[in-house]
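As C-alpha cells, the structure follows; a few thoughts come after it.
The values are calculated or read from the model by the stated rules, or taken from the named source; none is laboratory data. Values in this document were obtained by computation on a predicted structure and should not be read as measured data. Glycine also receives a Cβ, built like all others from the backbone with ideal geometry; neighbour counts cover every protein chain displayed. All accessible areas refer to the heavy atoms of the entire protein, side chains included, with ligands and DNA or RNA removed. Shrake-Rupley method; radii C 1.70, N 1.55, O 1.52, S 1.80 Å.
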Amino acid sequence: MKSFTYERADSPRAAAAAIARTPNAKFIAGGTNLLDLMKLQIETPAHLIDVNHLGLDTVEKTRDGGIRIGALVRNTDLAAHKTVRRDYAVLSRALVSGASGQLRNKATTAGNLLQRTRCPYFYDTTKPCNKRQPGSGCAAIGGYSRGLAILGVSDQCIATHPSDMAVAMRVLDAVVETVASDGTTRAIPIADLHTLPGATPHIETTLKPGEFITAVTLPRPAGGTQVYRKVRDRASYAFATISVAAVLQPDGTGRFAFGGLAHKPWRVESAEAQAPQGAGPVADAVLAGARPTAQNAYKVPLVRRTLAAVFSEAKA
Ligand code: SF4
C-alpha cells in the first residue's frame with residue numbers, strides 16, 4: 001500500500017471542501033472496497049478524508065411518507081430497520097444477500113452505491129483494463145467474461161455493477177442527496193446516478209468531483225409483494241450472477257430491476273407494461289439489445305427463468 005495522509009471531517013460540507021482542495025484525495029467510510037483497492041494499488045489516494053464521524057447514520061421518516069437513509073447507515077442496520085423490513089422488504093432482502101455479516105456491519109449506504117466492479121481484470125494490474133487505466137484495452141472482451149455484462153455494454157468495457165442494495169433502490173425509485181464544497185445540494189434519481197461504460201468506463205457516476213452523498217430517500221412505500229432473488233455460484237458471500245428486485249401488485253402490474261447484467265442497476269420501465277402478460281413478455285422487453293459473449297450467453301435464459309420464479313414466488 002502507498003503511504004497517504006489522513007484527516008477527519010466534521011461536517012458533510014467540510015468533507016466536500018476538503019476533497020476539493022486536496023489533490024488525489026478520497027472519502028473513506030466503511031472502507032470495505034477502498035482498502036482492498038489500495039492494497040492492490042488500484043486506487044492510490046494521497047489523502048483520505050474520514051467521514052465516519054459525521055452522524056448521517058439514522059433512518060428518518062420524510063414528510064411525504066417515505067424515509068431518508070443517512071449515507072453512513074451501515075448495511076446491517078438498514079436491513080434490520082423495522083420500517084425497512086415492513087415497508088421496503090425488497091431492500092432488506094437485497095442487503096442481507098450481499099457480502100458477509102462482517103462486511104455488512106462496516107459497509108455504508110453511500111459506499112455500497114459507489115463500490116467498484118469486481119471484474120477480475122480490473123483487479124489484475126498485469127492485464128489491460130480501460131476502467132483502471134483508460135486507453136489500455138479490455139482484457140475481458142475475448143477473455144474470461146462469464147460474470148460480466150450483457151446489457152448496455154460498449155467496445156471498451158463489459159463490467160457489471162456489483163451492488164445488490166442499489167438494484168433494490170432502483171426498483172424503489174430512490175433519490176440520492178448530495179452536497180458540494182460550496183454548499184450546493186442536489187437530489188439525483190438513482191436511475192441517473194450510475195453511468196454506462198461507453199467510451200469512458202473509468203467514469204462510473206454522474207457525481208461531480210468532490211460531491212458528497214449525504215442521504216438516500218425512498219418515496220412512500222410501494223406496497224405489493226416485494227421479492228429479491230439472487231442467483232450466484234455459492235449460497236453466501238458471492239456477487240450476483242444475476243439478480244431481480246421486484247414489486248408485484250395484486251392487479252398484475254409490477255416493477256423490476258436487475259443486477260449482474262450491466263454497468264448499473266438495470267431497469268426498463270417500458271417493459272413493465274408487459275407485467276400483466278407474465279414473466280416471458282417482460283423478459284423479452286428487458287433483454288432487447290442484449291450483447292452477451294460466448295461465456296455469459298447463459299445469462300439470457302437465466303434472466304427468463306429467474307423472472308418466472310419471481311412471478312411464482314409473488315403468487316404463492
Ligand atoms: Fe476493465 Fe471493464 Fe474490461 Fe473489466 S470489462 S477489463 S473493468 S475495461
| note | In region 32-56, anything closer than 15 Å to ARG8 by Cα and among the β-branched types (Val, Ile, Thr) is listed as ILE49, VAL51
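If you take the residues in region 294-306 that are out of contact with any Gly (no Cβ under 8 Å at 6 or more places or on another chain) and not β-branched (Val, Ile, Thr), which one is surrounded by the fewest Cβ atoms within 10 Å (Cβ to Cβ)? Before the answer, list the steps.
At the first step, the residues of region 294-306 found to be out of contact with any Gly (no Cβ under 8 Å at 6 or more places or on another chain) are 294-295, 297-298, 300-303, 305-306.
From what is left, the residues that are not β-branched (Val, Ile, Thr) are 294-295, 297-298, 301-302, 305.
On the way: ALA294: 9, GLN295: 15, ALA297: 15, TYR298: 14, PRO301: 11, LEU302: 17, ARG305: 13.
Of everything passing the filter in region 294-306, ALA294 is surrounded by the fewest Cβ atoms within 10 Å (Cβ to Cβ).
Evaluate the following for ARG186: is it within 19 Å of LYS264 (Cβ to Cβ) and either more than 16 Å from the ligand (Cβ to nearest atom) or not in a loop (DSSP other than H, G, I, E, B) (or both)? Step through it out loud before you land on a result.
On the way: within 19 Å of LYS264 (Cβ to Cβ): yes; either more than 16 Å from the ligand (Cβ to nearest atom) or not in a loop (DSSP other than H, G, I, E, B) (or both): yes.
Yes.
Matching residues to (1) assigned to a loop (DSSP other than H, G, I, E, B); (2) closer than 12 Å to THR217 by Cα; (3) of a type in the set (Val, Ile, Thr); (4) open to solvent by 10 Å² or more (accessible area, probe 1.4 Å):
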| site | (1), (2), (3), (4) |
| --- | --- |
| GLN156 | yes, no, no, yes |
| PRO162 | yes, no, no, yes |
| ALA166 | no, no, no, no |
| MET169 | no, yes, no, no |
| ASP173 | yes, yes, no, yes |
| THR178 | no, yes, yes, no |
| ASP182 | yes, no, no, yes |
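Just checking, does region 78-92 include any residue being modelled with pLDDT of 95 or more, within 10 Å of the ligand (Cβ to nearest atom) and touching a Phe, Trp or Tyr at 6+ places or on another chain (Cβ under 6 Å)? Outline the logic, then answer.
Filtering region 78-92 down to residues modelled with pLDDT of 95 or more leaves 78-92.
So of that shortlist, the ones also within 10 Å of the ligand (Cβ to nearest atom) come out as none.
Looking through region 78-92, none of the residues is modelled with pLDDT of 95 or more, within 10 Å of the ligand (Cβ to nearest atom) and touching a Phe, Trp or Tyr at 6+ places or on another chain (Cβ under 6 Å).
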| task | Output the number of the condition that GLY142 fails; it satisfies all remaining conditions of (1) in a loop (DSSP other than H, G, I, E, B); (2) closer than 24 Å to THR205 by Cα. | result | (2)
| request: Out of ALA235, ALA191, report the one residue that is outside any loop (DSSP other than H, G, I, E, B), hydrophobic (A, V, I, L, M, F, W, C) and surrounded by fewer than 19 Cβ atoms within 10 Å (Cβ to Cβ). | output: ALA191
| said: Checking GLN226 against (1) surrounded by fewer than 18 Cβ atoms within 10 Å (Cβ to Cβ); (2) away from the ligand (no atom under 16 Å from the Cβ); (3) over 25 Å from HIS47 (Cα atoms); (4) over 15 Å from the mean Cα position of the chain (by Cα): exactly one of these is not met. Which one? | reply: (1)
| note | Among (1) of a type outside the set (Asp, Glu); (2) near the ligand (Cβ under 10 Å from one of its atoms); (3) free of Cβ contacts under 8 Å to residues at least 40 places away in the same chain, CYS119 falls short only on (3)
| said: Suppose the filter is under 23 Å from THR178 (Cα atoms), of a type in the set (Gly, Ala, Ser) and crowded, with 18+ Cβ neighbours inside 10 Å; does GLY55 pass it? | reply: no
| request: Tell me, please, whether a residue that is of a type in the set (Val, Ile, Thr) and more than 16 Å from the ligand (Cβ to nearest atom) can be found in region 154-167. | output: yes
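Report whether or not GLU7 is touching a helix residue (DSSP H, G or I) at 6+ places or on another chain (Cβ under 7 Å), assigned to a strand (DSSP E or B) and over 23 Å from HIS202 (Cα atoms).
Numbers: touching a helix residue (DSSP H, G or I) at 6+ places or on another chain (Cβ under 7 Å): yes; assigned to a strand (DSSP E or B): yes; over 23 Å from HIS202 (Cα atoms): yes.
So GLU7 passes the test.
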| query | Counting only residues that are open to solvent by 50 Å² or more (accessible area, probe 1.4 Å) and more than 7 Å from the ligand (Cβ to nearest atom), which one in region 129-142 is nearest to ASP36 (Cα to Cα)? | reply | GLN133
